Amino acid sequence: MFALENHRERKKHSDSLAGFLDPSCQSEDLQVGSKVEFPLWLADALKNLQNPAVNIDIPNIYKEGYREILEADADAIVLSRWNPFYYELGMHVRKFSGKDSEIIAESLLQTFKSRFQLVMDWSQNLTSDPTLAIQLPRLERDLFLIGRQAKVRLTEWLKMGTNEMVISEIATNLKKRKRDKYELD
């Protein structure tokens, strides 16, 4: 929900007596076709009214030009500069895009797939830049931090060694039973 509350989306509003919604508006009425930024959750509610009050424009970062950039080399892009909740917001925005819905979903998936190996490599390299997590969008940052924690725990476990491993009584008794079987024959 944080992605929906923090990020604003451009909207075309066509309602009268709604000038207060746009701080730059001088009159009480909004002109038809005015573009106003609303939180996405509010725009969603306004669009789902019986008489929809807004038309929703998807953010530029999900439009064709940006998708082409990601197709060329998604690893070279700092997605958190585009939007810190790039994947989460994209999944929500695709509901509004109609004809581009499947294209946006496929773009999000391909971007994630191409960047996943890179994020995992960074998380396994404990000497990598500590500010790296800040440069990743939220989903990738969470994966990076979980991967890094797993690497640290594995390293600590390996350092403990296996000197103190003790055979369980059940396994010991099982071996004795098998030996007894063979000795009786």
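The values are calculated or read from the model by the stated rules, or taken from the named source; none is laboratory data. Everything numeric here is computed off the predicted structure, so don't read it as measured data. Virtual Cβ from ideal backbone geometry, glycine too; neighbours counted across all protein chains shown.
Worth pointing out:
- Condition met for Ala105 (farther than 27 Å from Thr131 by Cβ, among the aliphatic types (A, V, I, L, M) and at pLDDT 90 or above): yes
- Residue identified as surrounded by 15 or more Cβ atoms within 10 Å (Cβ to Cβ), at negative phi and modelled with pLDDT of 80 or more among Phe96, Phe85: Phe85
- Residue pairs whose Cβ atoms lie under 7 Å apart, separated by 6 or more positions or on different chains, with the first residue in the stretch 61-86 and over 23 Å from Asp142 (Cβ atoms) and the second of a type in the set (A, V, I, L, M, F, W, C) and outside any helix (DSSP H, G or I), are Ile69/Ile77.
- Comparison of Leu17, Leu21, Leu30 shows that the only residue that is touching a helix residue (DSSP H, G or I) at 6+ places or on another chain (Cβ under 8 Å) and modelled with pLDDT under 80 is Leu30.
- Residue in the stretch 36-73 that is surrounded by the most Cβ atoms within 10 Å (Cβ to Cβ), counting only those that are aliphatic (A, V, I, L, M) and at pLDDT 90 or above: Leu70
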